Structure formats: structure tokens, C-alpha cells
Amino acid sequence: MPIPMNRGAFALAGSSLAFKTGTWRSAKPVHVHAAAPCHGACPAGEDQQAWLALLQEGHPQQAWESLVAANPLPSVTGRVCPHPCESACNRGHYDSPIAIHAVERWLGDQAIQNNWPYPRLPGSPRPERIAVVGAGPAGLSAAYHLARRHYNVVLMDAMPAAGGLLRSAIPPTRLPRDVIDAEIRRLLAVGIEFRPRAALGRDITLEELRSEFDAVFLAVGAGKSRHWDVDGAVPADLHEGLGLLREWLAVGAIPKPNAVVIHGGGNTAVDLARVMRRAGVRDVHVVTASGLPGPDTDPDDVLNVVPRELEQAIEEGVQFHPHRTINRLIMRGSKVVGVEMVRLKKLPDGHGHKARVSFEGTETVLHVDMVVPAIGEVVDPTGLGAILNGRDFIDTDMFGTIAGHPGLFAGGDCRGWIKKLTNGTVSAAIGDGRRAAEGIDALLSGRSPMEASRPALPFADLNLAYYESAPRIALPTLPLSQRDDSREIEGGPDTSQALAEAARCFSCGNCLACDNCWTLCPDNAVLKTRETCSDGSHYLFDYEFCKGCGLCATECPCGFISMVNDD
Amino acid sequence: MSEMNDPRARQPRFRGLEAGHRACQGCGEALAARLVTESAGPDVILTNATGCLEVFTTPWPQSAWRVPWLHSLFENSAAIASGVEAALKAQGRRSKVIAMGGDGGTFDIGFQALSGMLERMHNVLYVCYDNEAYMNTGIQRSGSTPHAARTTTSPPGKERMGKRHLKKDLLSIIAAHHIPYAASASVAYPQDLRRKVRRAMEIDGPTFLLVHSPCPLGWGHDGSETIQVARLAVQTGLFPLVELERGEVASVMPLRQRVPVAEYLCRQARFRHLFADDDHRAQEEREHLQALADYNIERYGLDGDGDDPFDADGADTIRRGGPANS
Amino acid sequence: MLEALEGSQAIARAVALCRPGVVAAYPITPQTHIVENISKLVADGKLNTELVSVESEFSAASVVLGASAAGSRSYTASSSQGILLMTEVLFNISGMRLPVVMTCANRAIGAPINIWNDHSDSMAVRDSGWIQLHCADNQEAVDTTIQAFRIAEATELPVMVCMDGFVLTHTLETLEIPDQDLVDRYLPPFVFNRMLDPQNPLSLGTLVGPEYFSETRHLAHEALNQSASTIVDVDREWQNLTGRSAGGLLSVEGPDDAKIGVLAMGSVVSTFREAMDCLAAEPAKLMALRAFRPLPEEAIRSACAGLDHLVVVDRALSPGFGGIVGGEIKAALSGMKDAPQIYNVAIGLGGRDVPLEMWPRLLDVPKQGGGFRILDLEPAKLGEMS
């Protein structure tokens, strides 16, 4: 039946709803929960964008809970992590990256100060018992993530206190001991049984563990220095870097030559250089094959050191010799009197890889009376012979599974690193522990392990018209004259700084609830809800009316909306 | 729509213009009308000049309007609004009357009726959705079409480079009526637009709002770029956002950063002939448009203070949970 | 109460008695005195209305369109060029079924410019969908103005009250102006159920495509046709209240057995009434056609029954065709059994005086035979004008 024409051809309010303009569409907007680049870059697997968002909303405790869902040691990592998240931060292309490490540290410290309890996942107690060998960052992380899942966890370590490398290799100027103590004490209180002074191969054997426990996670670290020589020459009084650092941390003793060259490009090399410089060594040289951070250096060729630590070391007078290696030791008898350096660079080798090539004719000499290698460590094979099979590290998959040894997992510095993921940082070890916990839980629950992965949001997908320039917070740093071997050099942000920094977050790939899509849809096809929708936003697309113009996607500041084909 | 129980009925903002209208994808005018009616609220009566907005909202028996709405002719929106307002006065009713028209119905054919309405001090807010040509009839030049723009009646060719004349400075003419409030706004700055509508709604007397509303079809850009293009018009200085009270400039939206007009022009097919490599006239016309933008910037003092966050007042920056300036 | 009033002044008084909510008008000779008198009534506090002094007739019509849609009784007045400037709006008002009332002080249309009376203006908007009622004298004009609001509001059709410029608008007559109480009883307050109202937000003035446009035209046509009975009823009711009819659709005077009739509209009817009384001429019927739209075909046919000759008087012409009323009457009587022979002349164009002596000249037209012509043409002047 046709509609009868009325007097004067009037129409009723809103009667256009009978006309479904959605049929015009050839593309439709969808919410894409892309990962912020910080998240993708985080070796620990944190979603920094998510916890910054909670902080912006005024929920610091929830922000911390979101953070520790991946990384239970934010006070530690906020101080020592080289924060690849900040290097990846899209804001770096706009003004300067979010000071994520500072906010992380602030949240960790707030949790300690307010004694916020670590949240557990919902669920009931599990009967299985799991042994975690090694209470460094990887072991602590695995133990925590297993305890969160209600497993019975026994964490054992050769040392009297938990912390591993955090205690033995990182100076208190970077990581105060009370921070380690507080954070680890609170973490163990989640319900982890800690057995100190239990060394593998000395106090317990792998076989005993395997028979007593349903699963075993090996996080024994890399305790043995890598062999170092120069064309077969080794000074008689050779000390390797990590050993010197450990000794200094344990008993406060450090050699004081007139001039020293430290060979290596990691935190150990830089930490040791700073300790020796502060101890009064006149010339402290660091020779490294890597480059210093800068526009001319490839990201994968940069010194693996926290950038601000590098700056501080230079401030303190440490002399860096990047893109160089030690070519020859100049010996007088068995004693070193100098080294010959040569320039080198990482270049393509013609087989799809890069190799270091040294350049003849660039040799220079440094006059030193001590040379210290700090080129890294390998796994101490004690008690692990059957697992190592003569190799330097334990081979695993990303969940720590060791092929041929069901129920046995490994992670942290003791496993063969996938270079990109890790570079042997504390955060990488924490990530290893978290994924191993997933691997163990999956094994004991009879399922496949899962690691969520989302595509990262490129900078170009942000709409910068909606953001304002805002300076990155400046953190207090101890002046050079006040630096000693015990006081922490970099301070943390105060509350207003932490909140200001959180507010700078672009929220890459994740809904800001800014209303733009709702405000700018010419067709009233975006609806706002008071409740949160299943995709985490407050907006619904009404596809009955959406014409697919794409305005919402273009004007979404944070790249949360994409247009997809809808023919 | 299964996720929430009828969320359309529970939108936190009043919606004067409903879905199901037949505007093109990315229509700036539909968006502008939606924003205006949202800000004005339900206690209004609208009049509408003939044009796209009228056609795409009310094909009988359907109407997309949720407020009373009256269309008569192309050139009499202001006059029928005057009549509605007089009737409301006679009846002691207090609803606000909003007259609407495109640039054709406002700058040109309906200009006399508008002038009369302003002179008689009717309590009417007149909103002109300025898309800079007669779009409903298929993109013909109007008094509002910018200099050098291509339309079907100002095509470029051997003897012409698009429209020969300038965009009529309507706002100054309106301001010369000495009315309480006249302003320009843009769909790219919805918070600013809303604020201006609310300001006008509060005034008992004639007020005028010129809303820059890109037409993807007529300007030749993708529907998804409507806001970008509108924003560039403001950022280049070609479409200054200003407020005039009793004929005097009361405030302007400063430009945080001047954008060269070429960045605005190159996104639109209507200016494509200004980028012909082998035509010396193209550069001359681009320079002419740049000079017009510079003139606006100088005349209204649009240069902002660089990165000073306070000069963003009115700009549509956002923060978590909504616009930064609302 | 009987008062000696100028036509325009009387119309202003009649409009005021109808309590319009909104009046909008623009001055044009010879309508000017109407808007002036209304303005004075408003200024003196005797009429409480929103008087909108617009900048053109186009806006005057637009204002009353808007006011009527917003639910106010609305009135305007114009003439000649003003009516033409309103044209677009007039079609709109009727198409939207808005009960606006306007006075057309009939005047010629230029060029050449001429400010005096004929019917060219209202004829030019013949097809605008308005009811058009013509008045023979100022009493009829007063009564028709009041009735027009009743008709308009009952039918939701606009009504144009046509009165001859100068001849009526500027002539002083003794008139009965009804009491306010009587008019209030006769004309209840205006209620418009499609009123623009935020509580019931309708959209008025929509776009109608080919699939419905014929139906809208049919409905408009039917509405005009059906308004004829309302026009009759409303006049009858007025007669019951006041003792005066304003002429229904068509009034007929003269002996029943007359074989010749003259059909005319407007003030010439009064002239011919006078001539019938005071001049010795052959017996004839005078038909005063009050309703030109709707054209009362049945009433015209029955009035013509028994006539041999009918002279139709036009006060305007359609160049290339002839008299407009004449053409319509021929069409109306087409196919009628024993229809009279129809003669069509135009007289009194652009204010040319129509004296009493015109009446016998009209009755003489059938004897001369021939088609349409301007009867009071002075051929000697043609050379001067060519």
C-alpha cells in the first residue's frame, strides 16, 4: 500500500530513519586495536600506553596493576632499563618521547610507598609445584607470573638474597639497594617460597628437581666470563669486567691503575668505567665496536647502554672510543703498557648479513697499564651439562621450552638470545620469565601457549592536528660534584610531573574517548555509549546508516579507526 | 546494534538532524547542520532555503529533522524566519528561530531578505553553510566562490583561470548592519562552532554565523578529507575565524602556524588548474590567493604566538575523555 | 455602526477586527493606504499585532508564510508589481495549505508603468492556488475581508480579496463596520494543527518527486473546488448575523425574463447596478462574479439559463488570446444545452474611466457581433502610440 499524501506534504520528525544509507557504503570503519609502538618495543611485554591511559584517567593504582600484569619490577626497570619503548615512542617524531621510564619508576615507587598488593588472576589454587632456579629478574618474573596463576612456586638461588644480577652487577648509583629490597620483598609476598643458598650442581641436582616438581624453570643466568684474548695474547693479571664489578659491589675493592682500557659496549663496561673513574683512575677508556647514539648510527649498531647513563659517564670523564676494537696488546713482559686500536664498522658481507670490518691504516695506540674485557658472559655449565651439550647457552623457544626435555624450561641470560628481543637487559629477562610462566601453565593445563601480538601503529596514522606540543619533563640529576658511589644519580618525577607526562601520551592505536568520531560523523552513524563497548571504546558504528565516507578514520587522532573494504 | 539496547535513543547530546538523510559521503554541510542543531538544542524552529540541505533532509514522506522545520524558497529563508519569529512573539512563545541557507541563498539570491531581517532586528540566528558555489544545481559559481576556483560556470580555459572575481566579504556587510553578533566558524573546529552557536542563541536579536562547510563533490576532494580541507582553509588564513560584535572585531582564532595556501589549494580539484606546470598564469593566481590570505591575516591579526598553548583557545585539540577546550 | 470611511481605512479596520497575529506589508500604490492605516491602528494601540514592515513584497509574502506556518493568523496586502514580486511565494503558500489572507488592491501591470486600476495583477496569479474573491463595493470588501479569514482557516487555503485600486481603495463611502463582539463570535481564534512547534516537530515544505507530485496537484485542485461550498456557507452565516451578503460565489440581478446578461467582477458591478437603476435600457441581467477562484461553473450555468446573449466584461487581457474571464466563461458553458451566445470585451484598462454610459454600450455588443475587443479603445489614438 502506498503512503497516502497528506495535506501540504509535511513529514514527521526523524522519519528518515526508514532510509538506510548504509547500503551506499563500499568501505566501512572498524575499530583496530593496534599496539602502541612502546608496547611492541618493550622486552618485558608491558603495554605502556594502557597504563599511561589509566594514569591519565586518575587511577594510579590501576595503572600500576596494569603495568605489573607484565612486569612485576617497575621500580627496578624504571631505573635500569634502556627503555626501547621511548626510542620507539611516536611522540619522538613530534616533539620528544614520553619519559616512560620515569613514570614507570614513579608508579613502582608509589606501589611500594602505599603498599599496593600485587593482583592475582582470577582462579583457584593449582596443585602443581614448580621450581624456579635462579632469583634474578627472569626467575623472579617467572615465579611471580606462576604465583599469579595460583601455582605453588619454589624459587631458589645460590646467593643468600634474591635479586641476582640486580644486586651483583648494578651499582647503587643506578639502583639503590632499598629499592631492590622493597620490590622483591613485596613480590615474594605474593606467595612464593624462597630457598636461598641453593646452587644447582652444588646443593641440588636437576634430576632431584625434576622428580620433585611438575615443571622446572632454569634462570641461572650467565655467570662465566667469555674467553678473551688478542691474537692469543692475554695479560698475566687479567681481570674480567663483571668479576671486578661484583667484587666492588660485594666488598668495595677496585683496582686503581693510572690508565685503564675497558673493552666492551654494554652496561657492565660503562658501569665499571664510572666506578673506576670515581675511584680516582685518571684515564678510563671504553673501546667498543658499537657506535654512540646519533643520527649517523644504525639503531642496531648503538651501544647497548641506557642513553642517560652514557651521557652521565661522558660527563664524569669516561672516554669512549666507538667503532673500534683492540687490535694488539702492547706488552712489556707479561704486563700491558698499551693497546693498539683500529677502526671498524658493521657492513654488509654480501651474504645478507652484516659483519665487522676493520680498516687498515687507522691504528692508534692508547697508553694504559690495565686492560679489562667486558665483552659478555656465558652460562656456567655446572649441573647443566646434559642441557647445554657443550654450547654456551641453552636453546629454547620463545616460551622457554627446551626441546627434548618436557617440563623443563629456561629463560633470562642463560638462554640463547634472540638478538632483537632482548640484548640481555633486565626487562628482557622479565619478559622471558613471563612467557615461560605462560609456557608452563599451558603445558600443565594441556593447551598451547599464547602470546598476544598486535600490529604497531605507525606515526603516519596519527592525526597530529589534535595534539599540542608539550615539553618532556626534566628529571632531577645529581650534580657532578655530588656524585659518589652510593647516592642515586637520577631522581624520579614528582606526582604532578608523572601526571603531566602521562597526559602527553598520544594513545597510539587506542581510543582516547575524545568524541571526534561521534562529533564529526555527518551521518549520525557513530553512536556514543555510556558503558564501555567490547572493543574498549565508547562508540558504536551504526552500519545501517554509515555511508563509509571515512571522515571518522581520518580524524581519529590516535589511529583507532581504519576503513576496510565492505563491498 | 545488538551491543547496546537502542543506543541511538540514548545519545548524550541532542540531535536535531537524524541519520538517514541523503547527503553525499563526507558532506560538510550535513555535518555543520548537525553541529548547529546539536548546540542549539530542541527548543528551536528552523527555516531552510532551497538547496542541498533542504533536498537531502526532506524527501517526502521522510524528514531527518527532529526540530520543527520550514522550507519555502531559495531566497526567503530569512523572511520566513522573520515571519515565524513575529508569530512566536505574537503568541508569547519563546523558542529561538534559526534561519539556514547555503552561500547561494545567503550571499546572492537571498541577500535582500537577510538584510531586511537584520535591519528589523528579528530575534533570529541566521546560519549560512558556506560551500562556496551553487552545489545543488551542479557546482556553479556564487558570490562566495573564491577567486580562481573552477566551477561549471567559471571553468578555466585559454582565456580564463576560473572565477574572475573575488569571494564576497559577506561578514563585513553583515557586520555593517550593526547587529549584536556575527561570526565565522568552520566544521573543522566543532568546539569553536558550538561555542559560537551557544553565544548567538543567548542573544535576543539578530545574529549571524558563517560556517565554512566543504563540499567533497564540488571542491573535488575525498569525503574523508572534509575536515582536513576545512582546517587548511583556516590555517592558511583564507577563511579567518572571527567574531564581530556590533560591527567591531571582538575576537579571532589565532593561527598557531601559517600554512601556505598551496597546501590548501593542491588538495582540491577546483584549483587543479593552478598547478599546471606550463602555464605562467597558474603561479600568478596562486600568488594572488596567497596575497589574499596574507591580507586576511594582517587585517584580523591572525598570527598566533607559536607554541604557546594558550593560543589554542578555540582550536580543537583533544585529551583523553573529550575535547580539550569544552 | 455606520461610518464614512475611505476604502483602505475600512479594510484596515476590518483586518483589525479579525485580530491577526502578524501583518506584513510593503507599500505600493494603490494599496498604500491600507498598510498606512494598519500601521496607525498599531501605533495608536488599537490593533495588537506583530506588524512587520518588510523590505519588499517578496518578503511580505514570505513573512506571512512563516507566521502562518508558526500558527498565527496572518495578513498582507499588495498590488500590481508587488503581487508579481510575490508570485513565487504565493504558489508556495497555497501549496503548503497555509490560510493566509491578503488584499489585492487591483492595479495594472507595466510596462508602460501605470498605477491605476484593472485586474492584470490578480489575473497574473490566477493559477497560484489561491481563492480569489472580487468585491463590487467597499461594504462587500469589508465583509469579504472578515469572511476571508473564516474561509481560509476552514479550508486551509489562502484567500486573496480583490478590490479595485483607487475606485474602491481611495473612495469614501458610508459603511457598516461590525462590532468586535460580532466578529469574535463569527471568527474563532486560529488553530493550526500543523503549526511549527518544538513539542510536535513537523517538517513543512518537503520535496515531492514524480511518484507523488500528481497527487499533490490533484489534492490542490479538489481543495479549491470544495472551497466553493465553504464560501457559500460562510457568506450565508454572515448574512444571518448582519443581514448582508457579500455576494456568495455569484450574484444575479435584473428581470428573470431578460434575454441578455452581463457578467462582470469588481467595482464596475456597482457602476452597472447604478446604471440599471437610472438609465433607460433594455431589460438585462447583471451577474456579479465574486469567486473567480474557485470558478463556480454550476452557479454560472444556472445563472445563464434562459439567456440568449451573455456579455462577459474583462478588466485585463491575455495578449494573443483575449479576455481571461471571457475565455473561462466560454469554457464553463461549453456543452451547455441552450447556452447563450457569449461576447467578450475588455474595458477600463489601466484606470480608464467606466462611466454609467458603458452599460448600454455593453448591451449593444451582441448587435455588433464580433470577437473579443477592447470596447473603450479610442482608435484615433493608436497612431500616436505606435
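The values are calculated or read from the model by the stated rules, or taken from the named source; none is laboratory data. Please read these numbers as outputs of a predicted model, since none were measured by experiment. Methodologically, a virtual Cβ is constructed for each residue, glycine included, from the backbone with ideal geometry; neighbour enumeration extends over all protein chains shown. Just so you know, the surface numbers come from the protein's heavy atoms only, side chains and all, with ligands and any DNA or RNA stripped out. Shrake-Rupley method; radii C 1.70, N 1.55, O 1.52, S 1.80 Å.
In segment A:177-196, the residues that are closer than 17 Å to A:ASN152 by Cα reach residues that are assigned to a strand (DSSP E or B) and open to solvent by 40 Å² or more (accessible area, probe 1.4 Å) with C-beta atoms within less than 7 angstrom, at least six apart or across chains, in these pairs: A:LEU188/A:PHE194. At least 3 residues being open to solvent by 10 Å² or more (accessible area, probe 1.4 Å) and within 7 Å of another protein chain (Cβ to nearest Cβ) is the threshold, and among the helices (runs of 4 or more DSSP H) wholly inside segment B:1-96 those reaching it are B:77-91. All conditions in (1) under 30 Å from B:LEU88 (Cβ atoms); (2) within 14 Å of chain B (Cβ to nearest Cβ); (3) open to solvent by less than 50 Å² (accessible area, probe 1.4 Å) hold for C:ALA223, with the sole exception of (2). Among the residues making up segment A:200-230, a single one is surrounded by fewer than 18 Cβ atoms within 10 Å (Cβ to Cβ), at pLDDT below 95, in contact with a strand residue (DSSP E or B) (Cβ under 7 Å, 6 or more places away or on another chain) and in a loop (DSSP other than H, G, I, E, B): A:ARG226.
For beta carbons closer than 6 Å, sequence separation of 6+ or different chains, a first residue in segment B:193-206 that is among the charged types (D, E, K, R) and a second that is part of a loop (DSSP other than H, G, I, E, B), the qualifying pairs are B:ASP204/B:ASN123.
On the given criteria, is C:LEU41 at pLDDT 95 or above, surrounded by fewer than 24 Cβ atoms within 10 Å (Cβ to Cβ), closer than 24 Å to C:ILE131 by Cα and not small (Gly, Ala, Ser)? Against the criterion (at pLDDT 95 or above, surrounded by fewer than 24 Cβ atoms within 10 Å (Cβ to Cβ), closer than 24 Å to C:ILE131 by Cα and not small (Gly, Ala, Ser)), C:LEU41 does not qualify. Cβ-Cβ distances below 6 Å connect no pair with a first residue in segment A:495-517 that is surrounded by 24 or more Cβ atoms within 10 Å (Cβ to Cβ) and in a loop (DSSP other than H, G, I, E, B), a second residue that is of a type in the set (D, E, K, R) and modelled with pLDDT under 95, and a separation of six or more residues or different chains. Is it true that C:LEU375 is closer than 25 Å to C:PHE166 by Cβ, in contact with a Lys or Arg (Cβ under 8 Å, 6 or more places away or on another chain) and open to solvent by less than 50 Å² (accessible area, probe 1.4 Å)? Yes, satisfied.
Annotation note: of B:GLN257, B:GLN268, B:GLN283, the sole residue that is of a type in the set (S, T, N, Q) and modelled with pLDDT under 90 is B:GLN257. Of the helices (runs of 4 or more DSSP H) lying entirely inside segment B:195-294, those carrying at least 1 residues that are within 17 Å of B:SER184 (Cα to Cα) are B:226-236.
Name the residue, out of C:VAL191, C:VAL208, that is exposed (fewer than 13 other Cβ atoms within 10 Å of the Cβ) and β-branched (Val, Ile, Thr).
On the way: C:VAL208 fails: exposed (fewer than 13 other Cβ atoms within 10 Å of the Cβ).
Checking each option against the conditions leaves just C:VAL191.
Within segment A:148-155, can one find any residue that is under 20 Å from the mean Cα position of the chain (by Cα) and in contact (Cβ under 8 Å) with a residue 12 or more places away in the chain? No: zero hits. Of the residues C:ASP164, C:ASP127, only one is open to solvent by 10 Å² or more (accessible area, probe 1.4 Å), out of contact with any Leu (no Cβ under 9 Å at 6 or more places or on another chain), among the charged types (D, E, K, R) and in the same structural domain as C:ALA12 (by TED's automatic domain parsing); which? The match here is C:ASP127.
Let's see how each residue does on (1) β-branched (Val, Ile, Thr); (2) open to solvent by less than 10 Å² (accessible area, probe 1.4 Å):
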residue: B:LEU217; (1), (2): no, no
residue: B:ILE227; (1), (2): yes, yes
residue: B:ALA230; (1), (2): no, yes
residue: B:GLN235; (1), (2): no, no
residue: B:ASP279; (1), (2): no, no
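Of these, B:ARG286, B:ARG267, B:ARG299, which one is in contact with a helix residue (DSSP H, G or I) (Cβ under 9 Å, 6 or more places away or on another chain), open to solvent by 30 Å² or more (accessible area, probe 1.4 Å) and more than 20 Å from A:CYS549 (Cα to Cα)?
Details: B:ARG267 fails: more than 20 Å from A:CYS549 (Cα to Cα); B:ARG299 fails: in contact with a helix residue (DSSP H, G or I) (Cβ under 9 Å, 6 or more places away or on another chain).
Unique residue meeting the criteria: B:ARG286.
Each residue in segment A:536-567 was checked for being of a type outside the set (S, T, N, Q) and farther than 24 Å from A:ALA465 by Cβ, and 7 pass. On inspection, A:CYS508 passes the criterion of being touching a Leu at 6+ places or on another chain (Cβ under 8 Å) and modelled with pLDDT of 95 or more.
Any residue that is farther than 26 Å from A:GLN113 by Cβ and either hydrophobic (A, V, I, L, M, F, W, C) or more than 10 Å from chain B (Cβ to nearest Cβ) (or both) - is there at least one of those in segment A:54-73? Outline the logic, then answer.
As a first pass, look at segment A:54-73 and keep what is farther than 26 Å from A:GLN113 by Cβ: none.
Looking through segment A:54-73, none of the residues is farther than 26 Å from A:GLN113 by Cβ and either hydrophobic (A, V, I, L, M, F, W, C) or more than 10 Å from chain B (Cβ to nearest Cβ) (or both).
Would you tally the residues in segment C:249-289 being open to solvent by 10 Å² or more (accessible area, probe 1.4 Å) and on the phi > 0 side of the Ramachandran plot? Matching residues across segment C:249-289 total 1. Checked against (1) open to solvent by 10 Å² or more (accessible area, probe 1.4 Å); (2) closer than 30 Å to B:GLU202 by Cβ; (3) within 14 Å of another protein chain (Cβ to nearest Cβ); (4) not small (Gly, Ala, Ser), B:ASN136 passes all but condition (2).
Scanning segment C:1-26 for residues that are of a type in the set (Ser, Thr, Tyr) and open to solvent by 40 Å² or more (accessible area, probe 1.4 Å) yields one hit, C:TYR26.
Entry remark, segment C:62-88: residues being away from chain B (no Cβ under 12 Å) and surrounded by 24 or more Cβ atoms within 10 Å (Cβ to Cβ) number 6 in total. Take A:ASP485 and tell me if it is surrounded by 11 or more Cβ atoms within 10 Å (Cβ to Cβ), more than 14 Å from chain B (Cβ to nearest Cβ) and closer than 30 Å to A:ARG149 by Cα. In short, no. Among the residues making up segment B:163-194, those that are open to solvent by less than 30 Å² (accessible area, probe 1.4 Å), in a helix (DSSP H, G or I), under 15 Å from B:LEU114 (Cα atoms) and in contact with a helix residue (DSSP H, G or I) (Cβ under 9 Å, 6 or more places away or on another chain) are B:LEU170, B:ILE174. Candidates are the residues of segment A:16-53 that are buried (at least 20 other Cβ atoms within 10 Å of the Cβ) and free of Cβ contacts under 8 Å to residues at least 24 places away in the same chain; the one that is nearest to the other protein chains (Cβ to nearest Cβ) is A:SER16. Taking interchain pairs and intrachain pairs at least six residues apart, which have beta carbon atoms under 6 angstrom, with the first residue in segment C:336-347 and open to solvent by 40 Å² or more (accessible area, probe 1.4 Å) and the second in a strand (DSSP E or B)? Correct list of pairs: C:GLN341/C:HIS309.
Yes or no, residue by residue, for (1) among the hydrophobic types (A, V, I, L, M, F, W, C); (2) closer than 25 Å to A:LEU209 by Cβ:
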| position | (1), (2) |
| --- | --- |
| A:PHE409 | yes, yes |
| A:GLY431 | no, yes |
| A:ARG434 | no, yes |
| A:GLY439 | no, yes |
| A:GLY446 | no, yes |
| A:GLU451 | no, no |
| A:PRO455 | no, no |
